[in-house]
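Novice: My questions all concern the structure below.
The values are calculated or read from the model by the stated rules, or taken from the named source; none is laboratory data. Everything numeric here is computed off the predicted structure, so don't read it as measured data. Please note: Cβ atoms are built from the backbone with ideal geometry, for glycine as well, and neighbour counts cover all protein chains shown.
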Amino acid sequence: MERTKEQEAELTGNEARLRELLVQGLSGDAAAYHHFLKALSAHLRAYFRRRIFQRPDEVEDLVQETLLAVHNQRHTYQSDQPLTAWVHAIARYKLIDLLRVRASREALTDPLDDELEVFATSDTDAAEARRDLNQLLASLPDRQRLPIVHVKLEGLSVVEVAQLTGMSESAIKVGVHRGLKALAAKIRGIHEN
């Protein structure tokens, strides 16, 4: 779905306003930080409603958990990076955690079978995979890492990522292509050693 120029301008304006409020809050302006959290709450509600519309009662829980995580991790935000991408990464992890918990609850109501491979897999596999992926991505230059994170992991469009990062759309496409190629080479190198 293509956005109009007005929608794109609104997104850019919201990004700038949220970033400015956070930076002011990090500098000690309590009122700006309060406004940041309030505006971010509305943004997160919309974000989660689009993703779990079938469970509206869980949206508010996710918003609160994400706000708490943003607050606890605010010192890790780099003001030269897009704020909404940083927030969406945190929100995505909270959503994944919710879905994981929901799946495990549903699994508890299923009868146990000896053939199930549930006990054969480690609970730490996903965390280890996430850590490994983050290490691999960290080894890439920003011009490749950011397009991969935003387009491939967060699911943003090339146009959205171009606006968030200030890169051209073609640079985003090239960054994804070259970054994936570099990651594949790194993985091949790891497995050959």
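Novice: Within segment 132-182, track down each residue that is of a type in the set (Lys, Arg) and under 14 Å from the mean Cα position of the chain (by Cα).
Specialist: ARG145, LYS152
Novice: Moving on to the next point. Name every residue in segment 78-102 that is modelled with pLDDT under 85 and either of a type in the set (Val, Ile, Thr) or in contact with a Phe, Trp or Tyr (Cβ under 6 Å, 6 or more places away or on another chain) (or both), in order of residue number.
Specialist: If the condition is that a residue be modelled with pLDDT under 85 and either of a type in the set (Val, Ile, Thr) or in contact with a Phe, Trp or Tyr (Cβ under 6 Å, 6 or more places away or on another chain) (or both), then VAL101 is the only one that fits.
Novice: Something else now. Going through ARG50, ARG19 one at a time, which residue ends up being among the basic types (Lys, Arg), assigned to a helix (DSSP H, G or I), surrounded by 15 or more Cβ atoms within 10 Å (Cβ to Cβ) and out of contact with any strand residue (DSSP E or B) (no Cβ under 7 Å at 6 or more places or on another chain)? Walk me through how you get there before you give the answer.
Specialist: Details: ARG50 fails: surrounded by 15 or more Cβ atoms within 10 Å (Cβ to Cβ).
Exactly one of ARG50, ARG19 is among the basic types (Lys, Arg), assigned to a helix (DSSP H, G or I), surrounded by 15 or more Cβ atoms within 10 Å (Cβ to Cβ) and out of contact with any strand residue (DSSP E or B) (no Cβ under 7 Å at 6 or more places or on another chain), namely ARG19.
Novice: Here's another thing I want to ask about it. Looking at LEU62, LEU44 in this structure, which one is in a helix (DSSP H, G or I), in contact (Cβ under 8 Å) with a residue 40 or more places away in the chain, under 23 Å from GLY155 (Cβ atoms) and not basic (Lys, Arg)?
Specialist: LEU44
Novice: If we scan segment 99-110, do we find a residue that is of a type outside the set (S, T, N, Q), surrounded by 13 or more Cβ atoms within 10 Å (Cβ to Cβ) and touching a helix residue (DSSP H, G or I) at 6+ places or on another chain (Cβ under 7 Å)?
Specialist: no
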